[in-house]
1. Anything over 24 Å Cα to Cα? Flag those among K202/K255; K198/K344; K198/K228; K166/K386, in the order listed.
2. Need one number: % antiparallel among DSSP beta bridges in the chain, to the nearest 5.
3. Could you please put Y119, Y382 in sequence from largest to smallest accessible area, using a 1.4 Å probe?
4. In percent, what relative contact order does region 1-124 have, based on Cα pairs under 8 Å that are 6 or more apart in sequence?
5. Quick one: order K132, K2 from most to least accessible surface, probe 1.4 Å.
6. Based on DSSP H runs of at least 4 residues, each adding -39500 (n - 2.57), what is the mean residue ellipticity at 222 nm of the chain after dividing by all its residues, to the nearest 500 deg cm²/dmol?
7. How about region 243-276: which trypsin sites (Lys or Arg not before Pro) there lie in a loop by DSSP and see at most 15 other Cβ atoms within 10 Å?
8. Percent of accessible area on region 105-164 owned by carbon and sulfur, 1.4 Å probe?
Amino acid sequence: MKTVDQIKFLGKKALVRVDFNVPLDANYHITDDNRITAALPTIKKILNDGGAVILMSHLGRPKDGPTEKYSLKHVVAHLSDLLGQQVQFADDCIGPQAIEKAKALAPGEVLLLENLRFYKEEEKGDKEFAQKLAALGDVYVNDAFGTAHRAHASTAVIAQFFPEAKCAGYLLAAEVNNAEKVLNNAERPFTAIMGGAKVSDKIELIEQLMGKVDNLIIGGGMAYTFAKAQGGKIGKSLVEEDKLDLANDILAKAKARNINILLPTDSIIADAFSNEANTEIAQNDNIKDGWMGLDIGPDSIKAFSKVVESSKTILWNGPMGVFEMEKFEQGTKAIAEAVVRATKNGAFSLIGGGDSAAAVAKFNFTNDVSYVSTGGGALLEYMEGKELPGVKAINE
Ligand code: AMP
């Protein structure tokens, strides 16, 4: 994939699609700026080359055009601080002001455009809208991995207007390289740790991984669908009744392929979905009526950790329990610690977006694993073997 390293930006205006879809509090303060800091290397590289940067992004899911709550102007001050220079802002992403400001932009300067999703044309992938955006810059750079699985105007459609001058930013390239490394270049033993609430969200990924992994660890809420499918008593634990056959199918396939599949043998069970609940340890196939499993138990932690620590490649997607509540965070934390130990011993560990990334951040392990993906849905789709429109548009 062509990256910013292969383009000379001197005197050029680079139109860079970033993912600045950051969480804001009620006073419009950014509560987590990871997505912004992740885009800085690309921005700085272009500026250092002597180019100018025009940034475009979405923020939230505005329904009816311009909305104060979703304005990217809330990001300008913090971005200026991070870059050490004043970032300009255009209060529309197309139209006279955007054109004026883009035109006047000098080398070394940065302009942020207003939220792309204030136009419904963005998500519709409208070609005319994409062309208006394209007219603002000389080179198109996509560094928005988090939206690379969407064929929107600014993430994919726009690329056709830069047949010779389009490339990936460092973040997009790193995400794709790390996903590739795990999917097609994994050192063995390769262990996938799947967790989270639902089997149905992860089924395609599990099927895809079955052709690749040596060990498949299944924890979190989805494990109870497997436990019930095997005839266990799971009380009020999370279950997808319509996925019982599928769970048995997965177990049979894993066995046929000689994959070491690990399900929890014990759970921390609770009499309510609450941090105030009474808790006990129970066998996974014998959970009391009215109680629910909200975390993996100590035996499962031991067995899972042992496999994780002997692995050379680890993919982790989804927490082992309701880690947001202190009473049920232990399983996820212990597995995170095992991933960290494996990484220290030379394993490559990829943490797959969303809730697993939040868990790793909660326990302060973000810098102790090999890579934490910034894209939840995008990484999942890439891992499922789907072509991401944002990546395809760059490569075409
Ligand atoms: P996902 O988005 O599918 O990765 O699911 C993540 C969510 O699953 C987190 O918010 C967890 O709190 C939740 N979760 C994990 N384990 C359980 C469980 N045993 N019961 C209910 N929810 C769970």
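The values are calculated or read from the model by the stated rules, or taken from the named source; none is laboratory data. Keep in mind that what you see is a predicted model, and the values were worked out from it rather than measured. Positions of Cβ are backbone-derived with ideal geometry, glycine not excepted, and every protein chain shown enters the neighbour counts. Side chains are part of the model used for accessible areas, which takes the heavy atoms of the whole protein and leaves out ligands, DNA and RNA. Shrake-Rupley method; radii C 1.70, N 1.55, O 1.52, S 1.80 Å.
1. Values: K202/K255 19 Å; K198/K344 31 Å; K198/K228 14 Å; K166/K386 22 Å.
Result: K198/K344 exceed 24 Å.
2. Working: 10 of 49 bridges.
Of those bridges, close to 20 percent are antiparallel.
3. On the way: Y119 60, Y382 35 Å².
Correct descending sequence by accessible area is Y119, Y382.
4. Numbers: 206 pairs, mean separation 35.4, N = 124.
Relative contact order here is 29 percent.
5. Values: K132 115, K2 80 Å².
Sorted descending by solvent-accessible area, the residues read K132, K2.
6. Calculated from helices alone, the mean residue ellipticity at 222 nm is -11000 deg cm²/dmol.
7. Working: sites: K243, K253, K255, R257; in loops: R257.
Passing sites in region 243-276 are R257.
8. Details: 980 of 2190 Å².
Accessible surface attributable to carbon and sulfur in region 105-164 totals 45 percent.
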